[in-house]
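Only one structure is covered here, and it is reproduced in the block below.
Where a number appears in this text, it was derived from the coordinates with a stated rule and is not lab data. Predicted model, so just to flag it, every value in this text is computed and none were measured. Here the Cβ positions follow ideal geometry from the backbone for every residue, glycine too, while neighbour counts run over all protein chains shown.
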Amino acid sequence: MNCINVKDFGALGNGVADDTAAIQAALDAARQGSAVYIPAGRYRVRPLRIPSHITVMGNASWGYSAWGYGNNRIETGEPVDLDYNGNTVLVPMPTRAPAMVDMTGCCGTKLVGLTFDGLMWGQDFHCVVAPSAGGPQNIAFEDVRISHFTGCGLNLRGTQGFSIRRSLIIKNVSHAVDASGARNGSVMDNQLAYGDGAGFYGAGPGTGSFTIVANRIEGGNPGGVYLEDADTVSVAGNSFDFNAGPGVTLLGCTACTVTGNMTRGAGHDHDDDCNAHLRLENCRGVACMGNTSWSWPSHMGIQRLTWYGIVLRGLTDCVVSGNSLFDCASKEIVRDHGGHTNTLIGDNQGKVCQ
């Protein structure tokens, strides 16, 4: 594999220079199947346009940290995660563009081992945008760290084929991942944390065919995984920790599974049916089985416990059974609004915590 080093094109990575032209020149010089290597350093850039069929890679070495920005706003005297940001860090220079990285129509490209720190620049400024140009894309993000963007970490609206693995998307103002109108996505072994938006969000026609497995998803509104009008989604083996809304919300979804997940302390920012661990409404062909919910009453206190374990309404050909709802709710274990057709609801074990 041919490997291009951005420093051979004049990039400095000293945290002072504008490295946009040098990095873009290296990207433009990459042939199909080439790799563009960005060595350790701090690179100030304006928006970059990523071509198809290449790998862009850095020296990751980042770590988990929730410090740096209190409530996703810069606080005087607070650290900015510099000890955890990784070795190859890209930060934005002032721009009017919608995102730091433009992957519009990009096909077969992978970003690996890079850290993107948005520095809370602008308003609704995303790290990555990657809408389709009309065909399959199959782009991948691996071992990346994305933080401190005023928009989404990954804005994958309309993306047709994507994979996100072993990455940390933390402390962004909007959703960690917005996959509205996207299809064929795999989200595995990531931490989607402490954003003001959802961990994984998708809504609208065409949304679906996602595998969301073995992630830790915490914080966020309207919740952990929030899907409207999506189909063929598997949400399995995830840990949902103190999401502001439900750990999982499915509204008007078709042929989905929610199984083997753990939710803890979900829904605490709401005074309605969103104060719940799981919420399923107007869905068809959904199986919700084998999940565990807990509200940690000794830590939270009774007054702050989640109100409902599971909220249900208007289900057709669904199964909601075999869920363990231990000390998970202060009002109702299963809040069932009815309106179901050919749906099995039963053997969900737990009791109201008082």
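A few points about this structure:
- Euclidean distance between Cα centres, segment 227-264 to segment 133-204, Å: 16
- Highest-MSF residue in the chain out of Ala244, Ala276, Ala60 [GNM, Cα springs under 10 Å]: Ala60
- Length-normalised contact order for the chain - Cα pairs under 8 Å, 6+ apart - percent: 8
- Note on segment 277-354: Kirkwood hydrodynamic radius from all Cα pairs is 12.6 Å, rounded to one decimal.
- Placing a pseudo-label 7 Å from each Cα along the Cα-to-Cβ vector at Cys3 and Arg46 gives an inter-label distance of 3.1 nm.
- P(r), alpha carbons of segment 133-206 - 10 Å bins starting at zero, rounded %: 22, 54, 23, 1
- Surface/4 estimate of mean projected area, convex hull on alpha-carbon atoms of segment 292-331, nm²: 3.2
- Put in order of Cβ neighbour count within 10 Å, fewest first, the listed residues Thr343, Thr159, Thr109, Thr316 become Thr316, Thr343, Thr109, Thr159.
- Likely footprinting exposure, His270, His53, fewest C-beta neighbours within 10 Å first: His53, His270
- In order along segment 35-40, the Karplus-derived 3J(HN,Hα) couplings, from 6.51 cos²θ - 1.76 cosθ + 1.60 at θ = phi - 60°, round to 10, 10, 9, 10, x, 3 Hz, and Gly and Pro are given as x.
- In a simple Cβ point-charge model (Lys, Arg +1; Asp, Glu -1; nothing else charged), segment 97-227 has a dipole of about 220 debye relative to its Cα centre.
- Of [x] 42, 25, 18; [y] 39, 22, 15; [z] 46, 29, 22, the label for semi-axes √(5λ) of the Cα gyration tensor in Å derived from the coordinates: [y]
- The order of Cys283, Cys152, Cys318, Cys353, going from fewest to most other C-beta atoms within 10 Å of their C-beta, is Cys353, Cys318, Cys283, Cys152.
- Residues of type lysines that Lys351 reaches as a straight line, Cα spacing below 25 Å, ignoring anything fewer than 8 places off in the same chain: Lys331
- Normalised Debye scattering of segment 124-262 at q = 0.09, 0.10, 0.11, 0.18 Å⁻¹ gives log10 I(q)/I(0) of -0.20, -0.25, -0.31, -0.90, counting only Cα atoms as equal scatterers and leaving out solvent.
- Across segment 239-309, Cα-Cα distances exceeding 20 Å account for 26% of all pairs.
- Directionally averaged shadow of segment 193-325, computed from the convex hull of its alpha-carbon atoms, nm²: 7.0
- Angle in degrees between helix 20-29 and the longest Cα principal axis of the chain, rounded to the nearest 10: 90
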